[in-house]
Amino acid sequence: MYFDPSYFLFILPALALSLWASWRTHSAFKKYSQVRTLRGLTGAQAAQEMLRRAGIFDVQVVPTNGFLSDHYNPTNKTLALSEATYASTSVAAVGVACHEAGHAIQHAEGYKPLWLRSALVPTANLGSSGGYFVMLFGLLFHSPNMIYIGALLFAAVLLFQVVTLPVEFDATRRAKRLAIETGIVQQQERQGMDRVLNAAAMTYVAAVVSTLMTLLYYLLQASGMSRRS
């Protein structure tokens, strides 16, 4: 077993990007959570307004625990908003709520990338839980074939994350447009909403970069082992 400094050439840039994206998201949310929208709707009310205007009446908006744990579950048509979003009237909360409502609208309209992402969840979970450790064991036992098997599993995580990008970007685009069209936020509040949602979108880009760099590192290690054998 040895220490490989080249590992950090792959991981550190991705880690730095992830930390920066996370900091930017938390910073933007914290700043604009102190700014109340002029209309005064809570995050839950904003999401319900978005859904109503889209003609969607079978999605339940519910509170959930955790910071920025907001999500839409297409399986049971539940839009869960975190404690910082559900009852807050801030620009940040309303922006996040509208984004999640955008996912519900995607589902209602049969947006294909959302369907594909949902279909990839089981495979991505398997790749996430098993793929990395198979690659790691392959590296420890100097088995390129084991690394390749683990990489194949881990690639499912990357595929899921890549498919997630257009899903998230489209939900953000819908949120920005519909929030203005429906009067949920005013034009002068758009900048704050944009900053929160754009920062959140970068976390998904950072996740793709991190997974890709990890995968490339292990594949290069396996290739080197194959050439030496």
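Can you say whether residue 180 is under 30 Å from residue 39 (Cβ atoms), out of contact with any His (no Cβ under 8 Å at 6 or more places or on another chain) and part of a loop (DSSP other than H, G, I, E, B), as far as the supplied structure shows?
The answer is no for residue 180.
Taking (1) modelled with pLDDT of 95 or more; (2) of a type outside the set (A, V, I, L, M); (3) outside any helix (DSSP H, G or I) in turn, residue 66 satisfies each apart from (1).
I need a count of the residues in the stretch 69-83 that are more than 18 Å from the chain's Cα centre (by Cα) and either crowded, with 24+ Cβ neighbours inside 10 Å or in a helix (DSSP H, G or I) (or both). Going through the stretch 69-83 one residue at a time, the tally reaches 1.
Residues in the stretch 189-229 that are over 30 Å from residue 142 (Cα atoms) and small (Gly, Ala, Ser): 192, 199, 200, 201. Out of all the residues in the stretch 82-99, which are hydroxyl-bearing (Ser, Thr, Tyr) and in contact with an Asp or Glu (Cβ under 8 Å, 6 or more places away or on another chain)? Hits for the stretch 82-99 are 82, 85. Scanning the stretch 107-141 for residues that are at negative phi, outside any helix (DSSP H, G or I) and of a type outside the set (A, V, I, L, M, F, W, C) yields a single hit, 111. A residue that is under 20 Å from the mean Cα position of the chain (by Cα) and farther than 18 Å from residue 181 by Cα can be found somewhere in the stretch 4-13. With respect to the conditions (1) under 16 Å from residue 176 (Cα atoms); (2) within 17 Å of the chain's Cα centre (by Cα), residue 18 lacks only one, and its number is (1).
Close contacts from the stretch 202-229, counting a first residue that is at pLDDT below 95 and a second that is of a type outside the set (Asp, Glu) and not in a helix (DSSP H, G or I), with Cβ to Cβ under 7 Å and a gap of 6+ residues or different chains, come to 225/142.
Scanning the stretch 126-144 for residues that are more than 29 Å from the chain's Cα centre (by Cα) and either buried (at least 19 other Cβ atoms within 10 Å of the Cβ) or of a type in the set (Val, Ile, Thr) (or both) yields a total of 3. Suppose we filter 205, 185 for residues that are surrounded by 16 or more Cβ atoms within 10 Å (Cβ to Cβ), β-branched (Val, Ile, Thr) and in a helix (DSSP H, G or I); which single one remains? On inspection, the qualifying residue turns out to be 205. So for the stretch 2-16 (the condition being under 25 Å from residue 212 (Cα atoms), of a type in the set (Phe, Trp, Tyr), modelled with pLDDT under 95 and assigned to a loop (DSSP other than H, G, I, E, B)), does at least one residue qualify? Yes: the stretch 2-16 contains one or more residues that are under 25 Å from residue 212 (Cα atoms), of a type in the set (Phe, Trp, Tyr), modelled with pLDDT under 95 and assigned to a loop (DSSP other than H, G, I, E, B). Just so you know, in the stretch 142-168 the residues that are of a type in the set (Ser, Thr, Tyr) and assigned to a helix (DSSP H, G or I) include one that is farthest from residue 227 (Cα to Cα), and it is 164.
The residue pairs whose first member lies in the stretch 161-189 and is touching a residue at least 24 places away in the same chain (Cβ under 8 Å), whose second member is part of a loop (DSSP other than H, G, I, E, B) and surrounded by fewer than 18 Cβ atoms within 10 Å (Cβ to Cβ), and whose beta carbons are closer than 6 Å, counting only pairs six or more residues apart or on different chains, are 186/38.
The values are calculated or read from the model by the stated rules, or taken from the named source; none is laboratory data. Owing to the predicted nature of the structure, the values given are computational and were not obtained by experimental measurement. Quick reminder, even Gly has a Cβ in these numbers, built from the backbone with ideal geometry, and neighbours come from all protein chains shown.
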